[in-house]
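Undergrad: The structure's right below; bear with me while I get my questions together.
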Amino acid sequence: METPGFPRPPHSFRIAFALPAFLIACWRPVYSQGDCVAITRAREETISTLPGKVLTTALTVTSLSSLDRRFESRLELPPGWRNLAPDFPFVLSGNRSDVRLLSIAVPPATPPGKYRIRYSLSDNAVPPCRAGMMIEVSVEAFHRIQLQILEAPHFVVSGSPSRVSFVLRNLGNGPSAVRLSVRGAENISAVPDSASETLHALESRPVSVLVTADPSITEHTRYVLELRAAPGEDTAEVATASCLIEVLPRGSTADLQFHEVPLDVTVRAAGESGRSGGQTEVAGGGTITDRGTERVDL
């Protein structure tokens, strides 16, 4: 119906006027991303850790609305890192807070440097309520060398070379240059196959030492062979491994730790009509201890 003296408004004007009114009538408050929930840490600085350790930190999740929401979490980690405490879906009451504990295993071979992990939350509402936090982790350099003996002879005859085997391990998270040295002894030569080795992180490598006693040694001698592995890093400890070797003089039985037992060997033979046969008998006895308290008879 038109009012006298006033022209009827065009159709497009009436639609434009009605649209804002419709939006106002249907408007309900919604929370934008990050406005419905907040994630905080007690300390915002970078977390420092060592390779092979378990990183633990606590996050506080706070509801910024009066609604109860059911959240699911997601943890994004660097390759090889493991989440030791998976987080299950949880309900966060309106205007309340909850503490979520993160426990993460850092691989032993992780190179030193800066890494980032991301923790995020989301619900199934439309639009969803979301929040996330980035945590920076600093993995420190770790240097440690381990040296263990693999095989060593109990006796070395003077003048005859013998080899002692070791295993060298780099337990650090970076390459390490190692210098090898042997503690010497009079009339005994002990030389490692290599004076230095370079190992990658967590690498193991066999090394050996050639031991030669002077042929002029005439007495039974005990020698402690000690191999030292000194890393190039000033903060790393020197690794050592040792073994006891007995040096026996060549051609001398004065000090040998053996006992002689006299034996008699009797051989008998017989035959007839082109057939023959034989019999051997070994008999003897003697003591096998220095005091003569134990005896063996054959």
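The values are calculated or read from the model by the stated rules, or taken from the named source; none is laboratory data. Being a predicted model, the structure only gives us computed values, none of them experimental. When we count neighbours, we look across all protein chains shown, and the Cβ atoms used for this are built from the backbone with ideal geometry, even at glycine.
Undergrad: Can we say Ala152 is surrounded by fewer than 16 Cβ atoms within 10 Å (Cβ to Cβ), of a type in the set (A, V, I, L, M) and at pLDDT below 95?
TA: no
Undergrad: Can you find even one residue in region 212-219 that is at pLDDT below 90 and among the hydroxyl-bearing types (Ser, Thr, Tyr)?
TA: yes
Undergrad: Ok, one more. Return the residues of region 41-86 that are in a loop (DSSP other than H, G, I, E, B) and farther than 25 Å from Ala201 by Cβ; say none if nothing qualifies.
TA: Ala42, Arg43, Glu44, Glu45, Leu64, Ser65, Ser66, Leu67, Asp68, Ala85, Pro86
Undergrad: Moving on to the next point. Could you please tell me which pairs satisfy a Cβ distance under 6 Å, a separation of 6+ or placement on different chains, a first residue in region 218-229 that is closer than 25 Å to Val207 by Cα and assigned to a strand (DSSP E or B), and a second residue that is aromatic (Phe, Trp, Tyr) and modelled with pLDDT of 90 or more?
TA: Leu227/Phe166
Undergrad: Out of all the residues in region 179-190, is one or more out of contact with any Lys or Arg (no Cβ under 8 Å at 6 or more places or on another chain), within 12 Å of Ala241 (Cβ to Cβ) and surrounded by 13 or more Cβ atoms within 10 Å (Cβ to Cβ)?
TA: Taking every residue of region 179-190 in turn, none turns out to be out of contact with any Lys or Arg (no Cβ under 8 Å at 6 or more places or on another chain), within 12 Å of Ala241 (Cβ to Cβ) and surrounded by 13 or more Cβ atoms within 10 Å (Cβ to Cβ).
Undergrad: Regarding region 188-200, can at least one residue be identified that is in a loop (DSSP other than H, G, I, E, B), farther than 28 Å from Pro112 by Cα, at pLDDT 90 or above and of a type outside the set (Asp, Glu)?
TA: Yes, some residue in region 188-200 is in a loop (DSSP other than H, G, I, E, B), farther than 28 Å from Pro112 by Cα, at pLDDT 90 or above and of a type outside the set (Asp, Glu).
Undergrad: Condition check: in contact with a strand residue (DSSP E or B) (Cβ under 7 Å, 6 or more places away or on another chain), within 11 Å of Ile145 (Cα to Cα) and free of Cβ contacts under 8 Å to residues at least 60 places away in the same chain. Does Val191 satisfy that?
TA: Criteria not met by Val191.
Undergrad: Same structure, new question: Could you tell me which of the residues Val156, Val182, Val164, Val178 is touching a residue at least 40 places away in the same chain (Cβ under 8 Å), among the aliphatic types (A, V, I, L, M) and under 17 Å from Glu203 (Cβ atoms)?
TA: Exactly one of Val156, Val182, Val164, Val178 is touching a residue at least 40 places away in the same chain (Cβ under 8 Å), among the aliphatic types (A, V, I, L, M) and under 17 Å from Glu203 (Cβ atoms), namely Val178.
Undergrad: A further question on this structure: Among the residues of region 168-178 satisfying the criterion of being surrounded by 15 or more Cβ atoms within 10 Å (Cβ to Cβ) and over 15 Å from the mean Cα position of the chain (by Cα), which is farthest from Thr240 (Cα to Cα)?
TA: Out of the qualifying residues, it is Ser176.
Here is a yes/no grid of residues against (1) surrounded by 15 or more Cβ atoms within 10 Å (Cβ to Cβ); (2) at pLDDT 95 or above:
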{"position": "Ala109", "(1), (2)": "yes, no"}
{"position": "Tyr115", "(1), (2)": "yes, yes"}
{"position": "Asn124", "(1), (2)": "no, no"}
{"position": "Pro127", "(1), (2)": "no, no"}
{"position": "Leu147", "(1), (2)": "yes, yes"}
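Undergrad: Continuing with this model, one more query. Could you count how many residues in region 87-122 are in a loop (DSSP other than H, G, I, E, B) and within 28 Å of Leu202 (Cα to Cα)?
TA: The total comes to 7.
Undergrad: Which condition number in (1) of a type in the set (Gly, Ala, Ser); (2) within 29 Å of Asp214 (Cβ to Cβ); (3) modelled with pLDDT under 95 is the one that Gly174 fails?
TA: It is condition (2) that Gly174 fails.
Undergrad: Among what's in region 75-93 and is under 28 Å from the mean Cα position of the chain (by Cα) and modelled with pLDDT under 95, pick the residue that is surrounded by the fewest Cβ atoms within 10 Å (Cβ to Cβ).
TA: Looking at residues that are under 28 Å from the mean Cα position of the chain (by Cα) and modelled with pLDDT under 95, I get Pro86.
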